[in-house]
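Notes follow once the structure below has been shown.
The values are calculated or read from the model by the stated rules, or taken from the named source; none is laboratory data. In this text the structure is predicted, and so the values were computed from the model without any measurement. Cβ placement follows ideal geometry from the backbone for every residue including glycine, while neighbour counts extend to all protein chains displayed. When the accessible area is computed, the model is the full protein with side chains, heavy atoms only, and any ligands, DNA or RNA have been set aside. Shrake-Rupley method; radii C 1.70, N 1.55, O 1.52, S 1.80 Å.
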Amino acid sequence: MSTIFSGVQPSGEMTIGNYIGAMRRFVTYQDTHNCLFCVVNQHAITVPQKPDELKQSARKLAALYMAIGIDPKKATIFIQSEVRAHAALAWIMTCLSSMGELERMTQYKDKSQQHGKNETIPAGLFVYPPLMAADILLYQTTHVPVGDDQKQHLELTRDLAARFNARYGETFSIPEPLIAKSGARIMSLQTPTKKMSKSDPNNAATIFLLEDLAKTKKKIMRAQTDSDGIVRFDIENKPGISNLMTLRAALTNETMDTMTAAYDGKGYGDFKKDLAEIITETLAPLQEEHKKLMDDPIVDTVLNEGAEKAHALAEQTLKKVEGKMGL
Ligand code: ADP
Ligand code: NA
């Protein structure tokens, strides 16, 4: 049976991009695959975090996994730092990587640019991809559902797995990415040429899954669009409305042509109002479920059991790897 692994960083509030590009899809795999869904808190510390907040965010994200429908009876939910093998294999993956291939990672280039001087770039940002490779490879993962932005990291993961196998003998499965056909890259509401991200300092640019839905509505109404007022999908010339259409298509399965026809003669205002309604209908039940879970000790039980299961699996791979390397 194939194995699915994916993770999300507990580094702030989850966005509708995280939901559509990754988390929502996790639910669809749990009946047919071995699934492990991880709260990757060690990735979150590549930039400074407040300890109390980080701890809170990890539990909150685990509760969100459950609120969106991941069933702990069908899938393993756990926190990365509770399974020591992640950090241990990450070191090995780092040693297997070269400076050149890590320097080529576009996420590193983007994030390190924000620091300007080389002196102050956190080294963790640089070795983030080998940690991600370790996360995936520990579980003999065959498929990784991720958003489009993680494609390059997954390519590196495949290279590292193949390199290890070639050097030390067959050890790792080579994982395939599962990128969604629609909604793989939801863009910022304010700068629709940039991906929507939970770390965007501009609050108006991002729809957060757990935010007050009146706020969500305002953000959608104020989303950047062009001035010609025609609801038509054209990423290059009309990135704003195209992004809103992508969001809607991901939630309703409507085609772009259907939407264009339905809003013929109407403006962006009508489209935005309807989109806000659709998003509210999607997020309201999820928020209610999440609120209940936050007060429920079941989340802690699930995380403890999840860590135990993940630990047992991860140790098997780590022992094999260390044995082959003479460690
Ligand atoms: P972020 O970039 O918001 O901090 P993470 O790095 O934690 O998110 O990514 C978690 C998952 O969500 C990954 O699979 C990633 O590909 C996906 N993802 C993140 N942002 C988006 C987006 N704007 N559109 C689609 N998927 C996304
Ligand atoms: Na990301």
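Assorted remarks:
- When segment 212-232 is filtered for residues that are basic (Lys, Arg) and within 16 Å of residue 264 (Cα to Cα), only 232 remains.
- For segment 1-16, filtering for residues that are among the β-branched types (Val, Ile, Thr) and either modelled with pLDDT under 95 or near ligand 1 (Cβ under 9 Å from one of its atoms) (or both) leaves 3.
- Looking across segment 172-190, the residues that are free of Cβ contacts under 8 Å to residues at least 60 places away in the same chain, open to solvent by less than 60 Å² (accessible area, probe 1.4 Å) and away from ligand 2 (no atom under 14 Å from the Cβ) come down to 189, 190.
- Filter result (charged (D, E, K, R) and near ligand 1 (Cβ under 7 Å from one of its atoms)) within segment 146-198: 148, 149, 185, 195, 198
- Only one entry of 44, 22 meets the criterion of being among the small types (Gly, Ala, Ser) and touching a residue at least 40 places away in the same chain (Cβ under 8 Å), and that entry is 22.
- Counting the residues of segment 75-119 that are free of Cβ contacts under 8 Å to residues at least 60 places away in the same chain and touching a Cys at 6+ places or on another chain (Cβ under 7 Å) gives 1.
- For residue 235: the one exception among (1) more than 16 Å from ligand 1 (Cβ to nearest atom); (2) of a type in the set (Val, Ile, Thr); (3) surrounded by fewer than 18 Cβ atoms within 10 Å (Cβ to Cβ); (4) over 18 Å from residue 25 (Cβ atoms): (1)
- Filter result for residue 230 (over 22 Å from residue 289 (Cβ atoms) and over 15 Å from the mean Cα position of the chain (by Cα)): yes
- Single match in 260, 225 (criterion: more than 30 Å from residue 136 (Cα to Cα), assigned to a helix (DSSP H, G or I) and outside the structural domain of residue 82 (by the TED database)): 260
- Residue tally, condition open to solvent by 10 Å² or more (accessible area, probe 1.4 Å) and among the small types (Gly, Ala, Ser), over segment 126-143: 0
- Condition met for residue 36 (of a type outside the set (Val, Ile, Thr) and touching a residue at least 60 places away in the same chain (Cβ under 8 Å)): yes
- Matching entry among 170, 176 (being assigned by the TED database to the domain that holds residue 310, over 19 Å from residue 316 (Cα atoms) and not hydrophobic (A, V, I, L, M, F, W, C)): 176
- Residue 154 surrounded by 15 or more Cβ atoms within 10 Å (Cβ to Cβ) and in the same structural domain as residue 24 (by the TED database): yes
- Residue match in segment 30-41 (condition: within 16 Å of ligand 2 (Cβ to nearest atom) and in contact with an Asp or Glu (Cβ under 7 Å, 6 or more places away or on another chain)): yes
- Within segment 57-83, the residues that satisfy the criterion of being assigned to a helix (DSSP H, G or I) and open to solvent by less than 20 Å² (accessible area, probe 1.4 Å) are 58, 61, 62, 63, 64, 65, 67, 80.
- Which listed residue, of 323, 240, 269, 265, is in a loop (DSSP other than H, G, I, E, B) and farther than 30 Å from residue 66 by Cβ: 265
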